[in-house]
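For reference, the structure discussed in these notes is given below.
The values are calculated or read from the model by the stated rules, or taken from the named source; none is laboratory data. As the structure is a prediction and not an experimental result, all values here were calculated from the model. Cβ placement follows ideal geometry from the backbone for every residue including glycine, while neighbour counts extend to all protein chains displayed.
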Amino acid sequence: MKIEKIEDLDGLRFENFRFEKIEDELIIKNIGEKYEIKFSLNEKRRVKIAESIEKLTGLKLSFSRLEGREITSYIESKGFNKSIWSLAGKAMCDYNMVEEGDRIAVGISGGKDSLTLLNILVRVKMITRVNFEIIPIHIHPKQKSIATNEIEDYCKFLGLELIVEETNLEDILFGEDKMKNPCFMCGRMRRGILYRMMKEQNINKLALGHHKDDIIETFLLNTFYQGNLGVMKPKYMSKEHGVEVIRPMAYLEESTVIRYARRINLPILKSQCEYETSKDSKRLEVKKMIEELSKKSENIRSVIFNSIKPLLKD
């Protein structure tokens with residue numbers, strides 16, 4: 001249930017519970033078992049109160065928008081200090097990713113990676129003295145029926161406004177001359193749209209949600225199938241477009257991102273791309289290979305990543 005403030009629950013009936021606001025208290029009555037729960041209404045504690053109400057009654061609450069410290073409290077509420085916050089902070093520090101006065105576009109696909117990236121940048125903005133702007137952008141194919149309301153609402157929830165750019169990529173990629181594996185071209189075209197929008201709005205950096213697994217997979221794909229040592233760098237300058245590309249999640253493993261997305265219940269936009277699970281996908285083939293290797297050596301990702309670190313410098 002989405003609410004603006006705790007007081008909005010006044011008069012609500014949910015299963016055996018009745019909610020009533022009396023002066024500066026919220027009283028929850030269990031009609032069946034005949035007991036009461038009381039909460040002192042305090043705007044600074046509304047997130048904690050909502051969490052307590054869910055535990056005691058089963059009623060899941062969410063706020064239309066968070067304020068100030070509520071944002072970091074929500075983002076950090078499930079832990080992950082060592083596996084996400086410290087590692088993201090280290091990557092950003094190692095490569096000097098965020099600087100005073102930056103205007104950073106965040107490519108929001110609506111998947112777990114881009115939404116986790118958004119949370120990371122919002123947290124950095126809230127806890128540091130670095131003054132920078134976050135501009136979330138979503139490239140949306142006109143032909144897709146899937147709605148973007150949830151990710152638009154999520155950005156508002158964090159105090160941000162999502163820019164939605166509709167495109168005709170579907171016609172170009174999947175028209176009469178349908179490509180066997182259009183993933184590379186699709187990514188390139190989406191990036192081109194982002195660069196154009198950044199130039200129009202004077203945005204100097206582009207943040208992408210690629211993690212350690214993406215970097216490793218890309219390196220192995222280039223090695224096995226292209227015969228080169230091309231890598232996905234945590235930070236580089238696109239000289240053609242005059243913007244810097246940063247990847248704050250470069251040190252994070254995908255399994256951690258998956259756990260975080262589930263734990264915090266991110267509003268993931270379900271992908272309708274048939275090529276993500278296609279038998280022709282070389283990336284999926286490499287991903288499965290790494291997964292098999294990790295069964296024998298659980299640190300295999302870190303071993304591979306550390307071996308290619310010298311190639312990651314700009």
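Odds and ends about this structure:
- Qualifying residue in region 179-201 (condition: of a type in the set (S, T, N, Q), closer than 14 Å to residue 139 by Cβ and modelled with pLDDT of 80 or more): no
- Residue in region 284-296 that is in contact with a helix residue (DSSP H, G or I) (Cβ under 6 Å, 6 or more places away or on another chain), modelled with pLDDT of 90 or more, under 21 Å from residue 137 (Cα atoms) and surrounded by fewer than 19 Cβ atoms within 10 Å (Cβ to Cβ) present: no
- Where residue 224 falls short, out of the listed (1) more than 30 Å from residue 102 (Cα to Cα); (2) at pLDDT 95 or above; (3) not charged (D, E, K, R): (2)
- Contacts under 9 angstrom Cβ, first residue in region 25-54 being assigned by TED's automatic domain parsing to the domain that holds residue 10 and touching a residue at least 40 places away in the same chain (Cβ under 8 Å), partner of a type in the set (S, T, N, Q) and part of a loop (DSSP other than H, G, I, E, B), 6 or more apart: 49/42
- Test: residue in region 252-262 that is under 23 Å from the mean Cα position of the chain (by Cα), assigned to a loop (DSSP other than H, G, I, E, B) and in contact (Cβ under 8 Å) with a residue 24 or more places away in the chain: yes
- Residue ID - modelled with the lowest pLDDT, chosen from residues in region 88-139 that are of a type in the set (Lys, Arg) and over 23 Å from residue 192 (Cβ atoms): 129
- Selected residue (criterion: modelled with the lowest pLDDT) from residues of region 57-70 that are part of a loop (DSSP other than H, G, I, E, B) and buried (at least 18 other Cβ atoms within 10 Å of the Cβ): 66
- Conditions (1) under 17 Å from residue 190 (Cα atoms); (2) under 16 Å from the mean Cα position of the chain (by Cα); number of the one not met by residue 165: (2)
- Flag if residue 73 is surrounded by fewer than 17 Cβ atoms within 10 Å (Cβ to Cβ), without any contact (Cβ under 8 Å) to a residue 60 or more places away in the chain and within 20 Å of residue 262 (Cα to Cα): yes
- Evaluating residue 269 against the criteria (1) part of a loop (DSSP other than H, G, I, E, B); (2) at pLDDT below 95; (3) under 23 Å from residue 232 (Cα atoms) leaves one unmet condition, (3).
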